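Report on one structure; see the data block that follows.
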Amino acid sequence: MEYRKKLTDLTENVLSQGASDLHLIAGSRPITRVAGSLTTLLSEPELTDADLSGLLGELLNAEQKKVFLATKEADFAWTYGAKARFRGNAYFERGRIGIALRLIPQQIKTLAELNLPSVLETFAARRQGFFIVVGPVGQGKTTTLASMIELINTTRTEHIITIEDPIEYLFTNKKSVIDQREVRIDTADFQTALQGVFRQDVDVVMIGEMRTPETIATAVTAAETGHLVLSTLHTNNAAQTIDRIIDSFPSIQQEQIRLQLASSLAGIFSQRLVPRIAGGLIPVYELLVNNDAVGNLIREKRTHEIQTVIETGSSEGMLDMNRSLAELVRTGEISVETAYARSWDPKTLERLL
């Protein structure tokens with residue numbers, strides 16, 4: 001098999017289908033994900049172990065291959081000419097190679113084009129604070145942050161540094177200057193890069209993912225000291241996010257991080273992508289805005305009450321997930337069944353429908 005040509009053919013298939021993901025697994029035909037559903041490419045033959053090894057050889061550079069063989073995992077980005085860019089992960093399953101590729105759109109869409117609320121513009125306009133986008137893998141968190149960074153890029157003169165693993169969306173300097181740093185290529189790790197921003201005259205920092213307590217602590221400090229810090233976490237909602245951050249630290253440090261978070265947090269935006277009746281996906285979301293009441297709940301270890309604050313805080317700019325779902329049902333975007341399937345509190349949703 002000519003592996004470069006095979007990658008070209010598979011990529012063209014992804015683009016023609018409007019797929020978001022491509023899965024390559026030894027012993028299976030290639031699989032794409034379109035509008036949230038997996039589809040096996042029946043026109044393609046099953047991939048062998050030799051095929052996966054050959055395809056991986058086209059996707060990884062020499063250093064990435066060393067990492068993959070040493071750790072059995074590798075994150076990477078792969079560009080298909082001027083047509084497409086993918087975020088990839090290579091792994092082993094039952095001793096055989098697997099590859100997952102996520103298509104990164106070439107154009108960075110605006111918040112309106114992504115069907116996201118305009119209130120996010122107010123967070124992009126802030127000069128300092130800690131703003132976190134949360135949700136499971138594959139729900140558009142990185143895309144949301146990219147849209148916010150691009151909004152800053154087109155409206156303000158700022159020095160923006162992104163720290164990613166790997167770099168996903170590629171930015172072009174407009175009003176702002178943007179430095180994009182990739183872990184293991186431009187810096188040793190997230191923590192080292194984040195410590196460096198204090199000496200790099202930075203205004204806005206985007207951290208692709210907060211993976212360690214040290215990274216979280218430095219991010220909170222950066223937000224406290226006059227920077228706008230944007231990042232993501234794999235959590236479900238605002239209260240869980242706050243608890244996850246605090247619980248990641250040893251008990252002796254938790255009170256300090258709790259106080260820092262209460263004062264530096266700007267907001268937490270939770271999002272999901274759900275199937276539309278007309279086809280494709282549309283986001284549903286929840287937004288916590290940190291105000292005096294929320295800050296007090298964080299300091300007083302009463303995060304279990306935050307959901308009530310969100311549900312009753314629309315005048316403060318809060319957005320509730322159930323109201324987001326109910327509105328999409330009313331406008332005919334999603335079905336009632338989809339709304340109930342995605343709701344954390346179906347009884348409350350029933351009252352809103």
Exercise for review: Give the residues of the stretch 17-40 that are touching a helix residue (DSSP H, G or I) at 6+ places or on another chain (Cβ under 7 Å) and at pLDDT 95 or above, sorted by residue number.
Suggested key: Leu22, Leu24, Pro30, Thr32
Practice item. Could you check how many residues of the stretch 66-86 are touching a helix residue (DSSP H, G or I) at 6+ places or on another chain (Cβ under 8 Å), of a type in the set (Lys, Arg) and under 23 Å from Ser28 (Cβ atoms)? Key: 0
**Study point:** Filter result for Ser324 (small (Gly, Ala, Ser), more than 30 Å from Ala19 (Cβ to Cβ) and in contact with an Asp or Glu (Cβ under 9 Å, 6 or more places away or on another chain))
**Key:** no
Review point. How many residues are surrounded by 17 or more Cβ atoms within 10 Å (Cβ to Cβ) and touching a Phe, Trp or Tyr at 6+ places or on another chain (Cβ under 6 Å) when one looks only at the stretch 73-101?
Key: 7
Point to revise | Within the stretch 42-61, tally of residues that are closer than 11 Å to Arg29 by Cβ and loosely packed, with under 13 Cβ neighbours inside 10 Å | key: 4
Revision key, fill the gap. Flagged in the stretch 312-344 as in a loop (DSSP other than H, G, I, E, B), in contact with a helix residue (DSSP H, G or I) (Cβ under 6 Å, 6 or more places away or on another chain) and over 19 Å from Val289 (Cβ atoms), in numbering order, are Ile334, Ser343
Revision key, fill the gap. Exactly one of Ile298, Ile252 is out of contact with any Gly (no Cβ under 8 Å at 6 or more places or on another chain), crowded, with 16+ Cβ neighbours inside 10 Å and modelled with pLDDT of 95 or more, and that residue is Ile298
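The values are calculated or read from the model by the stated rules, or taken from the named source; none is laboratory data. Everything numeric in this text was worked out from a predicted model, so none of it was measured. No Cβ is skipped: glycine too gets one built from the backbone with ideal geometry, and neighbour counts run over all protein chains shown.
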